[in-house]
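Just below is one structure, and these are the notes that go with it.
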Amino acid sequence: MTEALTRDKLVEQFHSAFGKSGGALHHFYAPGRVNLIGEYTDFNGGLVLPCGIERGIHLLVRFKSAPHNSGNRKPEQTAEFASANLPERASINLAEPLVRNGKQWTNYPLGVFKEFINLDCPLQSMQLYYHGDVPDGAGLSSSAAIEVVTAFALNTLYSMQLPTTELALLSQRAENNFIGVQCGIMDQFAVAMATADHAIALNCYTHDYEQVPLESGDYRLLISNTGQRRELAGGEYNVRVEECNRAVELLKPATGASQLADITPQALRDNIHLLTDPLIRKRATHVIEEHNRVILATGMLKNNDLAGFGRLMIDSHQSLRDNFNVSSTPLDTMVELTLQAEGVLGSRMTGAGFGGCTVTLIHKDAIDDLIDKVTPVYTSKTKLTPEFYATRAAAGVREIIA
Ligand code: GLA
């Protein structure tokens with residue numbers, strides 16, 4: 001677990017990447033997130049219910065010169081990036097226009113730097129070292145964790161005084177504009193605002209949110225990584241955004257709604273004839289019903305009705321598979337095998353899909369048995385090696401003071 005990674009180890013890694021001499025090291029941390037229910041509702045103005053996980057990304061930062069240089073000489077402005085997880089390094093001149101570099105991981109922090117430049121933040125030369133254990137391309141928001149931890153660090157080190165919710169929005173802009181994925185606000189918001197032992201019921205249109213206690217008693221969240229990687233940038237994700245926009249355009253004249261989450265399941269049934277394209281019809285059905293499921297699921301969580309919550313997770317998965325077509329054979333296989341195991345109340349794909357992880361609500365005593373039974377069958381069916389991470393709901397981005 002990176003949350004437990006010792007500072008000594010991190011400092012040692014930083015020094016071997018950038019050398020020992022220099023000023024103080026500043027240490028920040030952001031968790032990944034898992035979404036319990038409410039998938040593909042965020043950019044449709046709907047509700048989501050994610051929480052932080054016990055895996056995350058550490059960031060150590062060092063200034064190469066004093067952070068607020070008041071001399072006449074124009075300060076040098078280079079950001080140097082290195083990571084324990086990926087071999088690519090980058091040294092970027094911040095005085096030049098920042099441009100995306102292929103699929104390099106350094107695009108994520110750079111997109112955030114660009115947003116700070118837009119805010120006239122007086123950036124100076126810095127060295128940044130990232131170390132995480134959120135698997136990338138697995139639907140657990142490793143990219144949002146990198147963005148948010150970078151934004152939190154710059155906000156703190158330059159005393160920009162942006163509220164943490166604002167850092168989430170800034171990180172989303174970085175992803176939309178610099179990376180080119182038209183994602184909603186869920187991931188960045190969850191990573192920024194997560195609270196231990198709570199899920200966040202977030203309205204993605206108003207950004208109103210409520211921290212809902214995850215009092216799961218003997219039940220735990222189990223994340224199952226299918227081992228199938230998914231790529232978001234420029235792919236099917238943006239196609240889904242367009243399909244949802246098309247559905248709203250068609251329903252707007254009759255419903256007055258400017259986003260799918262404003263349409264009730266009944267209003268959709270009354271106007272379904274307006275959606276003649278079966279694909280668009282399925283997309284709208286998923287989003288409108290999924291938004292409604294989050295309302296029901298949040299109520300159930302508050303009433304400690306975990307069995308009801310689990311049933312909604314199963315409905316959510318079926319709709320993502322059949323109506324939104326973002327599941328995959330490995331995800332479906334994992335959910336199917338998981339639901340056959342003892343002690344499971346519900347299971348579904350989580351995040352954008354097309355591979356990545358499932359999330360399961362399971363009795364704590366049944367976890368080991370599930371892993372033992374599911375792994376060989378899953379592997380023989382898919383030829384993939386799964387990984388399992390049991391987690392509690394963990395706290396959001398923060399500075400770690402030595
Ligand atoms: C990705 C996006 C989120 C959200 C989910 C699907 O994680 O980044 O904004 O749309 O997919 O719910």
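The values are calculated or read from the model by the stated rules, or taken from the named source; none is laboratory data. Quick caveat, the model's predicted, so the values are computed rather than measured. Here the Cβ is made from the backbone with ideal geometry for all residues, glycine too, and neighbour counts use every protein chain on show. The area values use the complete protein model at the heavy-atom level, side chains included, leaving out ligands, DNA and RNA. Shrake-Rupley method; radii C 1.70, N 1.55, O 1.52, S 1.80 Å.
Would you be so kind as to identify which of GLY217, GLN266, TYR237 lies farthest towards the positive end of the dipole of region 208-267, taking Lys and Arg as +1 and Asp and Glu as -1 on Cβ and the Cα centre as origin?
TYR237
If you place +1 on the Cβ of every Lys and Arg and -1 on the Cβ of every Asp and Glu, how big does the dipole about the Cα centre of the chain come out, in debye to the nearest 20? Provide the component values of the computation, followed by the final result.
On the way: 35 positive and 45 negative charges, 162 e Å.
Using only the charged Cβ atoms, the result is roughly 780 debye.
Where a ≥ b ≥ c are the square roots of the eigenvalues of the C-alpha gyration tensor, would you call region 80-191 rounded, which needs a/c under 1.5, or, failing that, prolate if a/b is larger than b/c, or oblate?
Verdict is rounded for region 80-191.
Determine ³J(HN,Hα), in whole Hz, for all residues of region 36-43 in sequence, where each value follows from phi through the Karplus function 6.51 cos²θ - 1.76 cosθ + 1.60 and θ = phi - 60°; x replaces Gly and Pro.
Values per residue, Gly and Pro as x: 7, 6, x, 9, 6, 9, 5, 7 Hz.
Put one equal scatterer on each alpha carbon of region 289-402, apply the Debye formula with no solvent term, and list log10 I(q)/I(0) at q = 0.12, 0.14, 0.21 1/Å to two decimals.
Each listed q corresponds, in turn, to -0.47, -0.63, -1.21.
Taking the dipole about the Cα centre of region 221-391, with the C-beta of Lys and Arg at +1 and of Asp and Glu at -1, give me whichever of LEU275, THR298, VAL287 is farthest to the positive side.
The Cα lying farthest towards the positive end belongs to LEU275.
Rounded to two decimals, what ratio of Rg to Rh does region 1-42 give with C-alpha atoms and a Kirkwood Rh?
That ratio equals 1.23.
Can you tell me, using C-alpha contacts under 8 Å and at least 6 residues apart, the relative contact order of the chain as a whole percent? It would help to have the intermediate numbers written out before the result.
Numbers: 849 pairs, mean separation 94.5, N = 402.
Reported relative contact order: 24 percent.
When the C-alpha atoms of the chain are aligned to their principal axes, what extent does each axis show, in angstrom, from largest down?
That works out to 68, 53, 39 Å along the principal axes.
Name the helices (complete DSSP H segments) of the chain with a Cα length along the long axis of 20 Å or more and a Kyte-Doolittle mean of at least 0.0, or state none.
142-157
For a quick check of understanding: with a 1.4 angstrom probe and all protein chains in place, what accessible area in square angstrom does LYS373 have, to the nearest ten?
LYS373 exposes around 130 Å² with every protein chain in place.
Over region 334-386, what percent of the accessible surface lies on carbon and sulfur atoms, probe 1.4 Å? Working shown, then result.
On the way: 1130 of 2170 Å².
Its accessible area is 52 percent carbon and sulfur atoms.
Rounded to the nearest whole Å², what accessible area per residue is found for the chain with the 1.4 Å probe?
41
Just order 303-315, 35-47 by mean Cβ neighbour count inside 10 Å, highest at the front, would you?
35-47, 303-315
Taking amide hydrogens as modeled 1.01 Å from N in the peptide plane, which residues meet the under 5 Å criterion relative to ARG392, leaving out close sequence neighbours?
Those qualifying (amide H under 5 Å, at least 5 residues apart or on another chain) are GLU54.
In debye, nearest 20, what is the charge dipole magnitude of region 221-391 about its Cα centre with +1 on Lys and Arg Cβ and -1 on Asp and Glu Cβ, if you could check?
Details: 18 positive and 21 negative charges, 46 e Å.
I would put it at about 220 debye.
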